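Nothing in this text is a laboratory measurement; each read-out follows from the coordinates by a stated rule. These numbers come from a predicted model, not from an experiment. So basically every Cβ, Gly included, is an ideal-geometry build from the backbone, and we count neighbours across all protein chains shown.
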Amino acid sequence: MIKIKEGIEKKINFIKSLKLKKNILIGIISGTLVVLILAIVLIYSTNKKVQDLPGIMKAGRLTVLTEGSSLGFQKNNGNVSGFQYELVKAFADSLGVELVISEENDLRNGIEQLKKGEYDLIAMLIPMTTEWKKEVAFTVPIFTSRQVLVQQQKPDSLLYKMVSKHVQLGNDTIYIAGNSPHKKRLEHLSNEIASPIYFEEMKGLNSEQLVRLVSEGKIKYSICDELFALKLKKQYPNLDVSVPLGFTQQEVWLLNPKSKKLKLKLDEFLSDFIGTTAYWNIYRKYF
């Protein structure tokens, strides 16, 4: 009887051991499959193919990144507007494709996403400089402008407290958007006046929001494209935007260097469209 019991116990233990091994094997296989799936998803997301014009036409949509402002793209009571939006919408319509717009106020983040193929185009007015030339391709110029200091207008008795010369910015702080293209200009200006000009990057904010903060007295100085600054001064009459911080520059949109056919098509469209009645109708609406 004892030997029979021992035999039964051995069989039971053997069966339990098999079940345990089976469960462990299933767990290993399941875990391996999960890891493989995650790896495939990661590889796909980090190596997304950059689309050129044929891919855009086949997909039937143009993916564009712009800033969330009246100059870029904004929604109000279901209505969509914005200078960059209306221009790029006209381009998408000319191709006969759907326009897919996303917002990003940080230019560096936007360029990284453009390089990965997340977007086909960055429709922001970027001063054409050598800073980005190795990473992106430039469109033909949208228009030319320069950067100006944004400060509060003071009454006549306090005019001496306003900046009227670059040298007066020495050892002071100017607030800019995160990774703003204006940062490089401030670094150069600091060297030109041989005195440090500090800048504070406000992550998540754009030029329009910073201009409003200057008007409200929450920050002292900011920097803005002159044409846009003059538009915003109509909304915030207590601002002064009369001090230029740089020379006139061409302002452009950005593309991935691999999108050569898209660049050719977009450059052709912009060259033909800018200066037309349709273009000036859009321009007068926002400037």
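Some points to look at:
- Trypsin sites (Lys or Arg not before Pro) lying in DSSP loop within the range 234-273, provided at most 15 other Cβ fall within 10 Å: K258
- Computed from backbone phi, the HN-Hα couplings of the range 228-236 come to 5, 4, 5, 5, 5, 5, 5, 7, 10 Hz, rounded to whole numbers (Karplus: 6.51 cos²θ - 1.76 cosθ + 1.60, θ = phi - 60°; Gly and Pro given as x).
- Estimated vicinal HN-Hα couplings, Hz - the range 174-191 in sequence order (Karplus 6.51, -1.76, 1.60; Gly, Pro = x): 10, 9, 10, 5, x, 6, 5, x, 6, 4, 4, 5, 5, 5, 5, 5, 4, 5
- Residues Y119, Y283 arranged by fewest to most Cβ contacts within 10 Å: Y283, Y119
- Between the amide H of I274 and any residue lying 5 or more places away or on another chain, no distance stays under 5 Å, with hydrogens modeled in the peptide plane.
- In this calculation the C-beta distance from E118 to D93 is compared with R0 = 25 Å, giving a FRET efficiency of 0.65.
- Ranking of Y175, Y236 by neighbouring Cβ atoms within 10 Å, starting from the fewest: Y236, Y175.
- Qualifying GluC sites (Glu not before Pro) in the range 169-264, DSSP loop, other Cβ atoms within 10 Å at most 16: E216
- Global geometry of the range 147-246, whether rounded, prolate or oblate, following the gyration tensor of its Cα atoms and the 1.5 cut on a/c: oblate
- When both the range 148-203 and the range 88-128 are represented by their alpha-carbon centers, they are found 29 Å apart.
- By the count of neighbouring beta-carbon atoms within 10 Å, fewest first, D225, D106 end up ordered D106, D225.
- Taking amide H as placed 1.01 Å from N in the peptide plane, the amide H of L239 sits under 5 Å from that of Q153, each at least 5 places away or on another chain.
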